[in-house]
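Just below is one structure, and these are the notes that go with it.
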Amino acid sequence: MIINCFYDENMEYADIVYIPDVIRVDVEILYADFLKWIYDKCNNHKYWIIFNGEKVACNYGTSAFVEWINDNYMVQMMDKSYIIKKDSEMWDSRNRKLIF
């Protein structure tokens, strides 16, 4: 499946992402699970912003989402999720949409 990842509600520019069809989970559920993972302070990942030794916020984007899908759903698969194009003005409105 191809999805469009937007960073604002104007939906002017999109990161276009390929997710293999073998993933039978709805993209909104995938995204919700990703958000639970990325904001869970028990998880140590490179997206944390550390202030005075404390995890205070996350700085992530489409790349983090794609990496998480591949690490959690595509480990044994040859076909991986990837970003087709970043910040594209040309995106297909029929694709599923996520707003980051």
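Bear in mind that the values in this text are calculations on the coordinates, not laboratory data. On a predicted model such as this, the values are computed, not experimentally measured, just so you know. In this analysis, Cβ positions are derived from the backbone assuming ideal geometry, glycine residues included, and neighbour counts consider all displayed protein chains.
Here is the list for the range 2-100: trypsin sites (Lys or Arg not before Pro) lying in DSSP coil, each with at most 12 other C-beta atoms within 10 angstrom of its C-beta, are Arg24, Lys41, Lys46, Arg94. With angles folded into 0 to 90 degrees, how steeply does helix 62-73 sit against the dominant principal axis of the chain? Use alpha carbons for both and round to 10. The two axes meet at around 90 degrees.
Helix 27-39 sits at what angle to the longest principal axis of the chain, using alpha carbons and giving 0 to 90 degrees rounded to 10? Once rounded, one gets 20 degrees.
Helical runs assigned H by DSSP (4 residues or longer) give the chain a calculated mean residue ellipticity at 222 nm of -8000 deg cm²/dmol, each run adding -39500 (n - 2.57) before division by the residue total.
Considering only alpha-carbon pairs that sit under 8 angstrom and 6 or more positions apart, the relative contact order computed for the chain is 46 percent. Using the Karplus relation 6.51 cos²θ - 1.76 cosθ + 1.60 with θ = phi - 60°, the per-residue 3J(HN,Hα) values for the range 11-16 come to 6, 7, 10, 9, 8, 9 Hz, with x marking Gly and Pro. Largest GNM mean-square fluctuation across Asn52, Asn72, Asn44, computed for the chain with C-alpha springs under 10 Å, falls on Asn52. Within the range 22-99, list the GluC sites (Glu not before Pro) lying in a DSSP loop whose Cβ has at most 14 other Cβ atoms in a 10 Å radius. Within the range 22-99, the qualifying GluC sites (Glu not before Pro) (loop, at most 14 other Cβ atoms within 10 Å) are Glu89.
For the range 2-99, the fraction of C-alpha pairs more than 20 angstrom apart is 41%.
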